[in-house]
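Some notes on the structure that comes next.
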Amino acid sequence: MILIFIAISGLRIIPAYIEYSTIKKKLNSNSQRDGFIELDLNQIRLSFSKRAQIDNIKSVSGQDIKINRENGQIVLSAGYTTKIPLISNISLNIDFEATSD
């Protein structure tokens with residue numbers, strides 16, 4: 001019974017981590033584009049929104065992206081929480097913090 005519960009929980013948690021991985025890849029690919037430093041904030045957010053729409057990212061939108069300058073480079077980050085229902089009224093909340101490298 002316990003093994004079944006662990007297996008079912010794992011199957012429900014895996015998609016959240018796949019989406020996190022996809023968000024991190026999109027943040028990295030956006031920040032490594034040629035001419036990225038010259039873009040203004042709205043263009044950066046719009047670019048992420050378009051890429052997120054293609055990959056069906058629902059947890060983060062372009063407006064959720066935080067844009068900072070560190071050591072002469074632009075760093076993109078996004079923090080969000082995913083709620084995963086497990087059984088009946090038991091849910092699992094996972095906090096993610098994705099940052100471009």
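The values are calculated or read from the model by the stated rules, or taken from the named source; none is laboratory data. Keep in mind that what you see is a predicted model, and the values were worked out from it rather than measured. Glycine gets a Cβ as well: all are built from the backbone with ideal geometry, and neighbour counts include every protein chain shown.
Data overview
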| item | result |
| --- | --- |
| Single residue of Ala78, Ala52 found to be in contact (Cβ under 8 Å) with a residue 40 or more places away in the chain, farther than 20 Å from Arg12 by Cβ and either in contact with a Gly (Cβ under 9 Å, 6 or more places away or on another chain) or not polar (S, T, N, Q) (or both) | Ala78 |
| When residues of the range 59-92 are limited to those that are surrounded by fewer than 10 Cβ atoms within 10 Å (Cβ to Cβ), in a loop (DSSP other than H, G, I, E, B) and of a type outside the set (Gly, Ala, Ser), the one farthest from the chain's Cα centre (by Cα) | Asn89 |
| Extreme residue, farthest from Ala98 (Cα to Cα), among residues of the range 13-30 that are surrounded by 13 or more Cβ atoms within 10 Å (Cβ to Cβ) and out of contact with any helix residue (DSSP H, G or I) (no Cβ under 9 Å at 6 or more places or on another chain) | Ile13 |
| Qualifying residue in the range 35-50 (condition: at pLDDT below 90, in a loop (DSSP other than H, G, I, E, B) and surrounded by 14 or more Cβ atoms within 10 Å (Cβ to Cβ)) | yes |
